[in-house]
Every structure is written in structure tokens, then in C-alpha cells.
Amino acid sequence: MNADKRGTILLVEDEYSNYYFLQILLRNLGFDVVLALNGQEAVDFVNSEQHVDLVLMDLKMPIMNGFEATRKIKSIKPELPIVAQTAYIMGSDRHMAMEAGCNAYITKPIKKPDLVQVLNQFLPGSVE
């Protein structure tokens, strides 16, 4: 991690437009961003022992969904903060995400103030 960077975020997102938006937003906030296109790629990345400070996990994805990926990642690195991100705002999704091991939940479309609030909750240093 560069000295001027706030940390590395693993962005698990299968929709390119969502990834592109979040990547720009996170980089403008000073974070390095790594992309995983599905839950299996996210698990593989975490399992590879590369450094990551937080995971932004889409819940609805092909190959392996965010619920299963979260459970697997938490079994590898239980201390790694995982924030569920989804367009679905049903209470059952939120409950299932928290049961799977997510530490927080954010709904799409993601707004900068909501993202900043969740980042400040889990990562040291103030993000504005």
C-alpha cells in the first residue's frame, strides 16, 4: 500500500457500470481498488493472502453469490470487514447478509455520504 493511500478495498461486483462508478468514488477518496467479478474470485483473492482492508460485496452475482462468498471469506479471515451492497432492499436480504457474516449493509444506488459513513465505521482515519 502506498503511503498516501488509505487502504485497499476488494470490490465484488458483476455489473461494470456499478464497478466503474464505485472505483472512481473510492479512488477519489484515496483507496486502492481491486475488482472481483463474482464471489468465487473474491474468495480466491482473499485466500491468496494478498492484502485487503475491506470488502464491498454485491449479494446477487453469478457463479457464487455474495452470501456464500461472505461465509467463505469469514472462515479464512474472520476479522476482515465485509459490507454487503445490493439493489435489493428487502429485510430478508439484510438479515441473510448479516447472518452470513457481513458487518454492514449499504443499498444501491450507493450515495457518497452513505459510503463514507460505512468506510469511517470500519477503517481508521477520517474519510470525507
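Sorted largest first, the spans of the alpha carbon positions of the chain along the three principal axes are 36, 30, 25 Å.
Legend: ranking of residues 70, 107, 86 from fewest to most surrounding C-beta atoms inside 10 Å; resulting order 107, 86, 70.
Sorting 116, 46, 55 by the number of Cβ atoms found within 10 Å of their own Cβ, with the fewest placed first, yields 116, 46, 55.
Each of 68, 13, 99 has some number of other Cβ atoms within 10 Å of its Cβ, and from fewest to most they run 99, 68, 13.
FYI, it's all coordinate maths here, none of it is from the lab. Fair warning: this is a prediction, and the values are worked out from it, not measured in the lab. Positions of Cβ are backbone-derived with ideal geometry, glycine not excepted, and every protein chain shown enters the neighbour counts.
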